[in-house]
Ligand SMILES: Cc1ncc(C[n+]2csc(CCOP(=O)(O)OP(=O)(O)O)c2C)c(N)n1
Ligand SMILES: [Mg+2]
């Protein structure tokens with residue numbers, strides 16, 4: 001049951017690699033645009049950007065199939081885009097407009113898509129983890145082979161509810177992958193200052209849950225680990241822990257002055273480990289793509305992001321009549337398939 005580290009590099013086609021480049025770039029440019037709109041006062045409230053962490057969701061989603069589920073924290077825009085939600089609907093929700101995924105009444109931390117099996121968007125640190133185990137329970141109960149990805153951070157990993165969830169998930173062999181996105185900080189507190197045992201991938205061992213440490217700046221390493229974890233869960237062997245080591249370039253949220261780390265630390269990570277630049281280099285050195293090919297993708301992504309921002313600005317604010325709607329669920333489906 002010993003946890004171990006990922007080492008070997010997986011084989012991947014040029015087409016797949018270009019796909020990951022595209023998906024990561026979409027998240028990066030979308031988040032940059034969200035940052036701009038926030039600065040212009042078009043987005044209010046909390047807004048936690050995912051810049052730097054793109055390889056985590058893109059690599060993990062590469063091993064999913066229709067029916068698989070995902071649930072995460074407030075740092076959630078990347079997860080939505082990676083599972084195929086429409087950038088327009090996400091951006092319009094950020095600006096609080098009726099064209100948004102929660103009709104403009106949820107904002108950055110409270111978006112859902114039943115169609116894409118995305119279950120939020122949760123502002124309470126760690127709360128999504130037991131809910132994720134519940135989603136996995138429902139699939140196990142229904143007898144299908146779907147898998148749930150329950151994402152949480154290094155800070156959340158020190159919470160008690162995580163270990164209550166580990167116990168029950170292991171006891172009932174639930175098909176849930178616990179993804180610890182270790183971006184090395186919880187708000188302004190570094191992992192060093194908050195965590196007695198830094199190897200978070202071993203945290204499931206006491207419950208008999210296998211764990212693996214993954215380089216979260218390398219999309220191919222993430223994809224390989226995801227395939228392994230998914231195969232484990234789909235075959236009925238119960239939960240799995242992935243500690244994906246990553247880094248956020250921006251502050252915790254838009255209001256964070258980031259005084260707890262040096263500029264050099266961030267700059268070094270950007271220059272030496274950037275997940276998008278790594279794929280770009282592989283594409284170019286392997287002659288899988290030319291500079292022109294990549295420029296064409298960049299242009300395309302920019303157009304998608306600009307279009308989402310235009311949509312978000314033009315979409316009307318929710319009508320006052322909507323103030324008391326969508327509070328209680330009505331006609332909830334009893335489907336069992
Ligand atoms: C129960 C609870 N406690 C405290 C907070 C305030 N809070 C918001 S984010 C955060 C840090 C979480 O860090 P981490 O789990 O590493 O996730 P990251 O923000 O790095 O993605 C804290 C303490 C909260 N939202 N909920
Ligand atoms: Mg963190």
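The values are calculated or read from the model by the stated rules, or taken from the named source; none is laboratory data. Please read these numbers as outputs of a predicted model, since none were measured by experiment. Please note: Cβ atoms are built from the backbone with ideal geometry, for glycine as well, and neighbour counts cover all protein chains shown.
Given the options 92, 34, 14, 62, name the one that is under 14 Å from the mean Cα position of the chain (by Cα) and touching a residue at least 60 places away in the same chain (Cβ under 8 Å).
Result of the check over 92, 34, 14, 62: 62.
Confirm whether residue 176 is under 24 Å from residue 249 (Cβ atoms) and touching a residue at least 24 places away in the same chain (Cβ under 8 Å).
no
In region 66-80, which residue that is more than 16 Å from ligand 2 (Cβ to nearest atom) and touching a residue at least 60 places away in the same chain (Cβ under 8 Å) is nearest to residue 231 (Cα to Cα)?
The selected residue is 68.
Could you please find all residues in region 162-193 being in contact with a strand residue (DSSP E or B) (Cβ under 8 Å, 6 or more places away or on another chain) and within 16 Å of ligand 2 (Cβ to nearest atom)?
162, 178, 179, 180, 181, 182, 183, 184, 186, 191
So, in region 157-204, of the ones that are at positive phi and near ligand 1 (Cβ under 10 Å from one of its atoms), which residue ends up surrounded by the most Cβ atoms within 10 Å (Cβ to Cβ)?
Going through the qualifying residues, I end up with 184.
Can you find a residue in region 121-139 that is closer than 26 Å to residue 19 by Cα and either in contact with a helix residue (DSSP H, G or I) (Cβ under 6 Å, 6 or more places away or on another chain) or crowded, with 23+ Cβ neighbours inside 10 Å (or both)?
The answer is yes; a qualifying residue exists.
For every residue, the table says whether it meets (1) near ligand 1 (Cβ under 10 Å from one of its atoms); (2) closer than 18 Å to residue 110 by Cα.
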site: 128; (1), (2): no, yes
site: 137; (1), (2): no, no
site: 141; (1), (2): no, no
site: 148; (1), (2): no, no
site: 155; (1), (2): yes, no
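Name every residue in region 225-241 that is surrounded by fewer than 23 Cβ atoms within 10 Å (Cβ to Cβ) and at negative phi, in order of residue number.
Hits for region 225-241 are 227, 228, 230, 231, 232, 234, 235, 237.
Mind telling me which of the residues 76, 86 ends up being out of contact with any helix residue (DSSP H, G or I) (no Cβ under 7 Å at 6 or more places or on another chain), modelled with pLDDT of 95 or more and more than 16 Å from ligand 1 (Cβ to nearest atom)?
Answer to the check: 86.
Looking at the structure I just gave you, is residue 213 over 22 Å from residue 119 (Cα atoms), within 16 Å of ligand 2 (Cβ to nearest atom) and within 20 Å of the chain's Cα centre (by Cα)?
In short, yes.
Mind checking which helices (runs of 4 or more DSSP H) fall wholly inside region 143-246 and carry at least 2 residues that are within 26 Å of residue 278 (Cα to Cα) and modelled with pLDDT of 95 or more?
Per the criteria, 219-234.
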